[in-house]
1. Exactly one of these conditions fails for B:Pro65: (1) closer than 29 Å to B:Asn217 by Cα; (2) touching a Phe, Trp or Tyr at 6+ places or on another chain (Cβ under 6 Å). Give me its number.
2. Quick test of your reading of the structure: A:Lys90 fulfils all but one of (1) under 20 Å from the mean Cα position of the chain (by Cα); (2) in a helix (DSSP H, G or I); (3) at the interface with chain B (Cβ under 8 Å from one of its Cβ atoms). Name the failing condition by number.
3. If I ask for residues that are touching a residue at least 12 places away in the same chain (Cβ under 8 Å) and assigned to a loop (DSSP other than H, G, I, E, B), which ones from the range A:67-87 would you list?
4. Please list, ordered by first then second residue, the pairs with beta carbon atoms under 9 Å, 6 or more apart or interchain, first in the range A:188-215 and in the same structural domain as A:Thr58 (by TED's automatic domain parsing) and more than 23 Å from A:Trp76 (Cβ to Cβ), second acidic (Asp, Glu) and part of a loop (DSSP other than H, G, I, E, B).
5. Given the conditions (1) part of a loop (DSSP other than H, G, I, E, B); (2) basic (Lys, Arg); (3) at pLDDT 90 or above, which single one is not true for B:Lys160?
6. Does any residue in the range B:192-213 that is within 7 Å of chain A (Cβ to nearest Cβ) come within less than 6 Å, Cβ to Cβ, of a residue that is among the polar types (S, T, N, Q) and buried (at least 24 other Cβ atoms within 10 Å of the Cβ) six or more places away or on a different chain, and which pairs are these?
7. For A:Thr79, all conditions in the list (1) within 16 Å of the chain's Cα centre (by Cα); (2) more than 14 Å from chain B (Cβ to nearest Cβ); (3) not small (Gly, Ala, Ser) hold save one; what is the number of the exception?
8. Of all residues in the range A:153-178, how many are within 17 Å of A:Ile40 (Cβ to Cβ) and facing another protein chain (nearest Cβ under 9 Å)?
Amino acid sequence: MTTPLLLLDDVHQTYRPKGSIFSRGPAGLVQAVSGVTLDINAGETLGVVGESGCGKSTLARMIVGIEDPKQGAVRWKGTDVSTLKGTERKAFHRSIQLIFQDPFASLDPRRTVGQSIAEGVLAHDLVAADAVGDRVQQLLRQVGLLPVHAWRYPHEFSGGQLQRVGIAQALGVEPEVLVCDEPVSALDVSVRAQVLNLLNQLKTELGLAIVFIAHDLDVVQHMSDRIVTMYLGKIVEQGPCDAVYESAGHPYTRALLSAIPKKPAPGYRIDRVVLEGDPPSPINPPAGCPFHTRCYAAIEMCSTVVPKAADLGDGHRATCHLAEEVSRSRVGQPYSVV
Amino acid sequence: MLEESETAAAVEVRPTAEGTRRRRGRVEALLLSSWRRPFLAMALLIIVVVSVMAIVPQLFTDIDPRDCDLSLSRLGPSPGHPFGFDMQGCDYFSNVVYGARTSMLVGVLVAGLTFVIALVAGSLAGYYGGLIDTVISRAADIVLGVPVMIASLVILYQFKSRGVGTIVFVLVLFTWAGTMRYLRGTVLQVKQLEYVQAARILGVGRLRILSRHVLPNAITPLIVMSTLSVGAGMTAEAGFSILGVGIKLPAFSWGLQIAAASSDGNWQIAPLLMLFPALMLALTTLAFVVLGENLRDALDPRSS
């Protein structure tokens, strides 16, 4: 097996709940990400799904390096990034860029789009100072915008256009990995597809690896080669896109599949499960399987024994005691009733 | 997707121009559009006139304000002496004209120094946080915990000779903290915005992020506050004079003139002695308030 481009090796991230000066916050630590092992290979799209608060964004922040994991290592082409210094570290950070969820918030309202795009190019001295303008024009064209847009301010654009600007800004520093943190959830449905197509096109053109984070499986399905499902800071299932869709081995993935608003074709029906309540507190995760409090398939041992990842073949793994049975079930999947 | 269909041709490339150019453009646009805003036009006129008065009072009067004749004491307006004479029989118009310098100097110096101190301390505290923040913020808390009027009186009372510098020192001592806190708050707010994180991920240096992204987006309220505090400084100077701890005679200041007019009920005999300096002070203060309000609207990047 070749060395993955980026490897997260058992990373943990914890936060201390905020108190005031005079009172400590609640005792314990928020375990935002606990024990995630994940590889990202050149040129592939990795979809990460999970509900709000499951640690997706924290994972994204650790991948792009604005947060260091409290425990575990991030390896870039085999090298632990915490050992990188100076220019090497700068080059590593340049190689991984982030696309934000809300393009209105991720661009400085006081700077023209051209200035924003030029910023990364300038910060790394990627082109000669007098060629920066040409580079900006080129980047704008690459994401399907016009060169005149360089002199506009963010408030003069629509959400879809701004998200393109955000992509151009990230591409300016010539990254190898693009982490997209829910890049289309803030956009109108009508422009979502355009942005997603642009990402796919760039991936083919530039050989980018894309980490695509979303809270619904529907969008991820159209984008990803591999899918990772997260729950409460842990990976509960991962595998090739089709395998996860067709034979999901974790009840949580099944619940996410059920949540896709989709009308079954005539003669088919979908058994849906609806998750009750909120995810448990990440300060004090439940014993045993973290999902057992909301799981439709939970049995007695789930509340005491932590499940191990069960191998379902072809790199498809689900962390569930009942992975085999669940993967053979048809919850959340259309099936014929004729 | 693209709602506009401009051609790419004939476009000169200058994407690295400074963001501040935009702010300057907005202020210019505001000043140019002032003829459509009567209040702003009046405010600007007052500020310009009073500023010229402060710099070259000789342009407005050729009478020496110290050329007094007691026999003319408290005489009303007469040809050549539009404001009449004060208690000492000095020409009151030239006195008021010469008083502009002190008032403006106090106002502008207080606003300017507060601006600089708040800018440096507030951005250090807000942006870098940690120990620097603790030291600066606790110092500000101490200042804000002091009853300003009483403390000012006590401090000013200690000085044997009080000039513009003394007044400015005391006022800045008590105003920097509030302004600093305000800027620190906005810096904290801007610091955690996504575009600042985006710049970090792009590899832009910390100081550059502070100067390029954080300060330009956090400084607007500071500019507005500073404009307003010019008027506040001028009013405070007058207040100190009335309380007897202001600038000492024989200086000229509107505050001293109001104080003289208010002592021993002088203004009941010659109300104009109170009216003229008070009117000048009120108009100038109001002018800065109007300017500040208009700046606030104009500096919002979404207004155009």
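The values are calculated or read from the model by the stated rules, or taken from the named source; none is laboratory data. Computed from a predicted structure; not experimentally measured. Because the Cβ atoms are built from the backbone with ideal geometry, glycine has one as well, and the counts that use them run over all protein chains shown.
1. Only one criterion is unmet by B:Pro65, namely (1).
2. Condition (1) is where A:Lys90 drops out.
3. Scanning the range A:67-87 gives A:Glu67, A:Asp68, A:Pro69, A:Lys70, A:Lys77, A:Gly78.
4. A:Ala214/A:Glu182; A:His215/A:Glu51; A:His215/A:Glu182
5. Going through (1) part of a loop (DSSP other than H, G, I, E, B); (2) basic (Lys, Arg); (3) at pLDDT 90 or above one by one, B:Lys160 breaks only (3).
6. B:Glu194/A:Ser106; B:Tyr195/A:Ser106; B:Ala198/A:Ser106
7. Answer for A:Thr79: the failing condition is (1).
8. 1
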